1. Over the residues of region 75-149, compute the C-alpha Rg and express it relative to 2.2 N^0.38 Å.
2. For region 77-165, give the percent of accessible area contributed by carbon and sulfur heavy atoms, probe 1.4 Å, rounded to a whole number.
3. Rounded to the nearest 5, what is the percent of antiparallel bridges among the DSSP beta bridges in the chain?
4. Tally up the carbon and sulfur contribution to the accessible surface of region 1-51 as a whole percent, 1.4 Å probe, everything protein left in place.
5. GNM on the chain, C-alpha springs below 10 Å: top fluctuator among Ala12, Ala146, Ala43?
6. Just the accessible area per residue of the chain, please: how many Å² with a 1.4 Å probe?
7. Once you list every other residue whose beta carbon is under 11 Å from the beta carbon of Gly51, what net charge do they have if Lys and Arg are +1 and Asp and Glu are -1?
8. From Cα pairs below 8 angstrom and at least 6 apart in sequence, can you work out the relative contact order of the chain, rounded to a whole percent?
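The values are calculated or read from the model by the stated rules, or taken from the named source; none is laboratory data. As the structure is a computational prediction, the values presented were derived from the model and not from experiment. For neighbour counting, all protein chains shown are included, and Cβ atoms are generated from backbone atoms with ideal geometry for every residue, glycine included. Protein only, heavy atoms only, side chains kept; ligands, DNA and RNA dropped before computing areas. Shrake-Rupley method; radii C 1.70, N 1.55, O 1.52, S 1.80 Å.
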Amino acid sequence: MKVLPFTIPKPANVTLYVEQYKGDGFYEKLHQHNEIQISLVSAGEGTYIIGDCVGEFLANDIFVIGENLPHVFKRDGFCEEVCEMHTVFFSKSAFGEHFFDLPEFEHFQGFFDNSDLGYEVISKKEDISDILKSLKFLSKYEQFLAFIQLLNLISGSDKRKLSSLINLKKYAG
């Protein structure tokens, strides 16, 4: 299966790109992008491919997908409900090259290290879901504060690694 390069359609002046998608299915082409992605599937079910991992997703599943990690979410044909996903896209250097290297953010290093392989969040899902669902309705300042809280919650949560190999290669279209 060919991996397509994908550019997140965010405006130039946006540090955190927040998206709420609702429709018949998700973007169903195996793709990768430069941003880290945190996604909550709030409705729908199907199959995902993240790196070299294939699995099933259900409503209320939360995924962290590292930069340039190939992935796709495919809705199952028998699933009749509308699909909905809340996502925030960002880069580790979005707030400055060394922002997350500050001692105050030492707790987040596992978040970034583990995102290379992608993972599913297993615990603290209700609190994480609440933040992801609210981001779209917050001011940029409030989004930043909620984002830091989101990273804190995910960093302290139980996780299940998905991919077994790190693919730092960018695929050309």
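1. For region 75-149, the normalised Cα radius of gyration comes out at 1.33.
2. Carbon and sulfur together cover 53 percent of it.
3. Taking every DSSP beta bridge within the chain, about 95 percent pair in antiparallel fashion.
4. Ligands and nucleic acids excluded, carbon and sulfur reach 50 percent.
5. The residue with the greatest mean-square fluctuation here is Ala12.
6. 51
7. -1
8. 28
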